[in-house]
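Undergrad: Sharing a structure below in structure tokens format, with a few things to ask.
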Amino acid sequence: MLETKEYEETLDSFYDYLFGVVKLHREMIPKLKDELMLIQSNSVEELNNNLNHQQIFLYQIKNFDQEVAEYMKKLKVDGERLSEVVLQFPADKQMRFFELLGQFSETAKEIAFYKEKCQTLLQTKLHTVNKSIAQYDLKSDKTTYKQDGKESEKTKLINTFEKSI
């Protein structure tokens, strides 16, 4: 592969882009830690704010696949995984990309860990809420009365929470 100045600049730009994506993922970890704490403390409003910030992160990385595909096209490389793509770069450029991919791999594992913890805690809390609701002996119907005090009709109550674990 012929190394030109344009190729070098594109390769550097691709590295900078990937570095930025890894940095965004690293910045996500404290937000996930906060989410876990907020779930534990039942801080619904603060949890909502935290989730809004996480949506910003998702917005920032939404075009990742497109961006990578464009860089691959410019660099005239192909592959299904970034590690396959990096192997097609000049040998003296590969190491820094592999180091970056290693950092991303570690960050992704940590993100997955906290997401799983949050999901498990939310399911546990939902189960507790459902259990509390089930303790109350709610009537399955509600009797309404006319103005003269006689029964009018029976209506079925709507179940508010219907998720079971």
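The values are calculated or read from the model by the stated rules, or taken from the named source; none is laboratory data. Computed from a predicted model, the values in this text were never measured in an experiment. Cβ sites come from the backbone with ideal geometry, for glycine too, and all protein chains shown count toward neighbours. These accessible areas exclude ligands, DNA and RNA; they are computed on the full protein's heavy atoms, side chains included. Shrake-Rupley method; radii C 1.70, N 1.55, O 1.52, S 1.80 Å.
Undergrad: Once neighbouring chains are kept in place and the probe is 1.4 Å, which whole percent of the accessible area of the chain is contributed by carbon and sulfur? Walk me through the numbers on the way to the answer.
TA: On the way: 6420 of 12430 Å².
Reported share for carbon and sulfur atoms: 52 percent.
Undergrad: A further question follows. Please identify the longest segment of the chain free of exposed trypsin sites (Lys or Arg not before Pro), where exposed means a DSSP state other than H, G, I, E or B and no more than 13 other Cβ atoms within 10 Å.
TA: In short, 1-61.
Undergrad: I'd like to know how region 5-144 sits against the 2.2 N^0.38 Å rule of thumb: what's its Cα Rg over that expected value?
TA: 1.55
Undergrad: Also: Not counting the cut sites, what is the longest span of the chain without chymotrypsin sites (Phe, Trp or Tyr not before Pro) that DSSP labels loop and that have at most 12 other Cβ atoms within 10 Å? List each step's numbers first, then the result.
TA: Details: sites that count: Y136, F161.
Excluding the exposed sites themselves, the longest stretch runs over 1-135.
Undergrad: Here's something else I'd like to know. If I histogram all Cα-Cα distances within region 3-54 using bins 10 Å wide from 0, what percent of pairs lands in each bin?
TA: The distribution over region 3-54 is 23, 31, 19, 15, 10, 3, given as percents.
Undergrad: If you filter region 21-125 for GluC sites (Glu not before Pro), then keep DSSP loop positions with at most 16 other Cβ within 10 Å, what is left?
TA: E80
Undergrad: Right, next: In the structure displayed, which of K76/K109; K73/K115; K31/K109; K74/K109; K62/K93; K31/K73 lie more than 24 Å apart, Cα to Cα? Each step should come with its number before you reach the end.
TA: Working: K76/K109 30 Å; K73/K115 33 Å; K31/K109 15 Å; K74/K109 30 Å; K62/K93 27 Å; K31/K73 34 Å.
Too far apart for the 24 Å limit: K76/K109; K73/K115; K74/K109; K62/K93; K31/K73.
Undergrad: Let me ask something else. Counting heavy atoms of the protein chains only and a 1.4 Å probe, report the per residue accessible area for the chain as a whole number of Å².
TA: Numbers: 12430 Å² over 165 residues.
Ligands and nucleic acids excluded, the figure is 75 Å² per residue.
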